[in-house]
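Below is one structure, written out as structure tokens; the observations come after it.
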């Protein structure tokens, strides 16, 4: 496609004063221009009649679509497809979205605090590597503490949770992962020094060698642990997992340490087993199930350890969004969030879960900065970002469920199907139009 044609697409997407049009209007105008490209050279396009004409027309359209993708980029073409599907949504669905969105800086925050008051488990499915979620927790936590929340179940190992919460800066190893020392201090600030506010519920993904070294220090005469220390003296990589697991199982394991309610040895064994299975493509789903099961088991261990009949504590869970769905997620995994929701029912308790996604900006993890725009990942995210009125918009998805499920399954568009998935999985979603990289 010529530079002139590309410039025309840019020009028609602006109003006479030069200000950008809405995304829907922009897509509409670009769609019309696309039709103009395919007009008959003599002005009025006639319909293709013969097989040859239809084939030639299809090839021509394919070529123009390829040119459009090159000119606009994948994001714009995806927006065009979204716009076509958005027009298929019933007006009540769009009206409900408009009616049930809140400004997270204002009435959205009160909405979340009201749900924290009404529920016993508050599940926050987060982005990773952004500033926005830690800031949100910092702003909500004092009020949630008053509502009876005493613990935060986290996507870190019990060993890491102990280091972050109980070991002073400079007195232990630097913990690398999804939580910072500042974040741990924020949630511990209202508790007594002896209390475990932070619950480590995960494997040790980033630094399993430090668990090995600590266990070896407790058992200086254990030959298997000595060998594990030698293997990891320059650091850990996943390719070591199989050999390390074999040695760990051969270890006599005379002395152990319970940190953050969980055995150091048992968490190390679980970590190495999951890591070993991750090395095999055939065992990918097995490793995912094993990790989710570990989260559930360690969450229950913390819950049982902390439960007091007269003062049942409420719990905030902060994990990646994939771990806190209701039901089975797209991987085919029954998640921790689904487990907590069902467990709560068995205990006569209530659960609220809210997820978050980014519609722009950058995030950073382990020194790597990456694009945090998730609009291309899910059609529902693209629609919610398009309709969002605020820089951080909270959508209550529960009113959508009945409306969407009235649509016969065979008549649902891809967008409607994706909206149903997210409305069933989460009670609410937060759309951050721009996220910023995590500050340590």
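If we scan the stretch 306-323, do we find a residue that is in contact with a helix residue (DSSP H, G or I) (Cβ under 8 Å, 6 or more places away or on another chain), part of a helix (DSSP H, G or I) and within 24 Å of residue 202 (Cβ to Cβ)? Yes, the stretch 306-323 contains at least one residue that is in contact with a helix residue (DSSP H, G or I) (Cβ under 8 Å, 6 or more places away or on another chain), part of a helix (DSSP H, G or I) and within 24 Å of residue 202 (Cβ to Cβ). Considering (1) modelled with pLDDT under 95; (2) surrounded by fewer than 16 Cβ atoms within 10 Å (Cβ to Cβ); (3) more than 14 Å from the chain's Cα centre (by Cα), the lone condition that residue 333 does not fulfil carries the number (2). Inside the stretch 132-160, residues that are closer than 21 Å to residue 439 by Cβ and surrounded by 17 or more Cβ atoms within 10 Å (Cβ to Cβ) make up a count of 12.
Checking every residue in the stretch 217-224 against the condition of being part of a helix (DSSP H, G or I), more than 34 Å from the chain's Cα centre (by Cα), surrounded by 15 or more Cβ atoms within 10 Å (Cβ to Cβ) and at pLDDT 95 or above gives at least one match. Screening residue 196 on (1) more than 27 Å from residue 243 (Cα to Cα); (2) surrounded by fewer than 15 Cβ atoms within 10 Å (Cβ to Cβ) shows it passes everything except condition (2). Look at residue 372 and say whether it is in contact (Cβ under 8 Å) with a residue 60 or more places away in the chain, assigned to a strand (DSSP E or B) and crowded, with 20+ Cβ neighbours inside 10 Å. So residue 372 fits the description; yes. Residue by residue through the stretch 306-330, note down the ones that are closer than 19 Å to residue 116 by Cβ, surrounded by fewer than 17 Cβ atoms within 10 Å (Cβ to Cβ) and either under 17 Å from the mean Cα position of the chain (by Cα) or free of Cβ contacts under 8 Å to residues at least 24 places away in the same chain (or both). Scanning the stretch 306-330 gives a single hit, 311.
Scanning the stretch 241-252 for residues that are buried (at least 19 other Cβ atoms within 10 Å of the Cβ) and within 32 Å of the chain's Cα centre (by Cα), we see that the one that is nearest to residue 278 (Cα to Cα) is 241. Count of the stretch 355-369 residues, restricted to those that are out of contact with any helix residue (DSSP H, G or I) (no Cβ under 7 Å at 6 or more places or on another chain) and under 25 Å from residue 108 (Cβ atoms), is 5.
Quick grid of which residues meet (1) more than 23 Å from the chain's Cα centre (by Cα); (2) over 30 Å from residue 188 (Cα atoms); (3) assigned by TED's automatic domain parsing to the domain that holds residue 197; (4) outside any strand (DSSP E or B):
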{"residue": "234", "(1), (2), (3), (4)": "yes, yes, no, yes"}
{"residue": "239", "(1), (2), (3), (4)": "yes, yes, no, yes"}
{"residue": "254", "(1), (2), (3), (4)": "yes, yes, no, yes"}
{"residue": "266", "(1), (2), (3), (4)": "yes, no, no, yes"}
{"residue": "271", "(1), (2), (3), (4)": "no, no, no, yes"}
{"residue": "275", "(1), (2), (3), (4)": "no, yes, no, yes"}
{"residue": "296", "(1), (2), (3), (4)": "no, no, yes, yes"}
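For residue 387, are the conditions met, namely being more than 20 Å from residue 96 (Cβ to Cβ), surrounded by fewer than 21 Cβ atoms within 10 Å (Cβ to Cβ) and assigned by TED's automatic domain parsing to the domain that holds residue 123? No; evaluated as a whole, the condition is false for this residue. Within the stretch 384-391, at least one residue is touching a helix residue (DSSP H, G or I) at 6+ places or on another chain (Cβ under 7 Å), modelled with pLDDT of 95 or more and part of a helix (DSSP H, G or I).
The values are calculated or read from the model by the stated rules, or taken from the named source; none is laboratory data. Remember, it's a predicted structure, so these values are computed and weren't measured experimentally. With ideal geometry, Cβ positions are generated from the backbone for all residues, glycine too; neighbour counts draw on all protein chains shown.
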